[in-house]
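Accompanying notes for the structure given below.
The values are calculated or read from the model by the stated rules, or taken from the named source; none is laboratory data. Bear in mind that the values here come from a model prediction, so they are computed numbers and not experimental data. Positions of Cβ are generated from backbone atoms using ideal geometry, with glycine treated the same way; all protein chains shown enter the neighbour counts.
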Amino acid sequence: MQTFKLTATGYNLNYLPEYIALRHGFFREQGLDVTVNIPTPWDGVLDALADGSADMALGGIWVPSMYRDKVQNYTVFAQIANRCPLAVLQRRGRDNFQLSDVTGKTVLMKSGGGASVGLFFKMLLRENAVDARSVDYIQDLDGKMLGDLFQGGMGDYFVTDYLSARVMASRNPDITIALEAVTQGEVPWSVYYRETATVTPEILDAQRRFCVALGRAIDWVLERDAETFRDELAELFPAVPVDVAVAVTNRFRQEGMWTSTTIPREAFDRWQRGLADARLVKEPLVYEALVDDGPSTTAQEQRAASKATLLPAQL
């Protein structure tokens, strides 16, 4: 059994297939003893990669993108979240929300986990011909604090993670969800990466096996209504009402949050344009400059071949 240490920037429902793979032994079936550490603050994942206490990091692709050729080069080898897991909250009484409605308004955006919330929301505004500079933002406070302040009357809209948004809307009749970011197209939201200089043939093989297990877990989630594994969701997210966790999981299943471990090129290019417009990179990176999809595509081929051999026995 090979130890494969993961350092993650958080604990989120959009990482669900990874948790399923851990709970159901899918990684161990691939000869990997996967352990997970979540540092505080979140950017400790980079320290863990640097000192060798972690074999891979999980987080937003915007980090390895902005570090490329400046501080450290990282290679991304897989994704887990294929969509943005955010939501825009508004106060009840405003109907038929359009992104242009935020013009001249104040938008609260949760922080504490990096820049991705603001990066995506402002990209979405630009994509919909809304001048991001026409909006006032409050975004340097954590999500819990901003959530309390929003419910208390601060600002006009609140951008936070979808799970928290559903919980807030279920508990507060004066708050409603205006927009679900999961419906707004593909982006490689959460990815696995490692320092480029430390990638070896042994590491590539471990990454391939990791992708085999993660791909199996993605299929496991997609094949089952979340209602059938609500007990697992309750154990994984004890602070969240289980009915909300089930509803969010099913929404993610329906809207393409989880597809495969391979990053789609079009989604990659879209996010790179957003990062360039935000000045995190001088110009959009090309796919091959940041991503090695060898482990994930080989894993997909391996799993497809395995399914093909099982098919006659199932008929």
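Here are a few things to note about the model shown:
- The residues in segment 114-156 that are touching a residue at least 40 places away in the same chain (Cβ under 8 Å) and more than 30 Å from Pro284 (Cα to Cα) can be counted, and the count is 5.
- Filtered residue count, segment 56-76, keeping only those that are out of contact with any helix residue (DSSP H, G or I) (no Cβ under 7 Å at 6 or more places or on another chain) and among the charged types (D, E, K, R): 2
- On inspection, Gln151 does not qualify as outside any loop (DSSP other than H, G, I, E, B) and assigned by the TED database to the domain that holds Gln254.
- Any chance Thr160 is assigned by the TED database to the domain that holds Leu32, touching a residue at least 24 places away in the same chain (Cβ under 8 Å) and of a type in the set (S, T, N, Q): no
- Selected residue (criterion: surrounded by the fewest Cβ atoms within 10 Å (Cβ to Cβ)) from residues of segment 93-121 that are part of a helix (DSSP H, G or I) and in contact with a Gly (Cβ under 8 Å, 6 or more places away or on another chain): Leu119
- If you go through segment 33-87 and keep only what is under 20 Å from Cys211 (Cα atoms), part of a loop (DSSP other than H, G, I, E, B) and not small (Gly, Ala, Ser), you end up with Asp55, Ile61.
- Residues that are among the acidic types (Asp, Glu) and either touching a strand residue (DSSP E or B) at 6+ places or on another chain (Cβ under 8 Å) or not assigned by the TED database to the domain that holds Phe268 (or both), drawn from segment 59-99: Asp95
- The helices (runs of 4 or more DSSP H) falling completely within segment 225-315 that include 1 or more residues that are in contact with a Ser or Thr (Cβ under 7 Å, 6 or more places away or on another chain) and surrounded by fewer than 19 Cβ atoms within 10 Å (Cβ to Cβ) map to 242-255, 294-314.
- Some residue of segment 171-193 being in a helix (DSSP H, G or I), touching a Gly at 6+ places or on another chain (Cβ under 7 Å) and not small (Gly, Ala, Ser): no
- Considering residues of segment 284-308 that are β-branched (Val, Ile, Thr) and under 18 Å from Leu204 (Cβ atoms) only, the residue farthest from the chain's Cα centre (by Cα): Thr298
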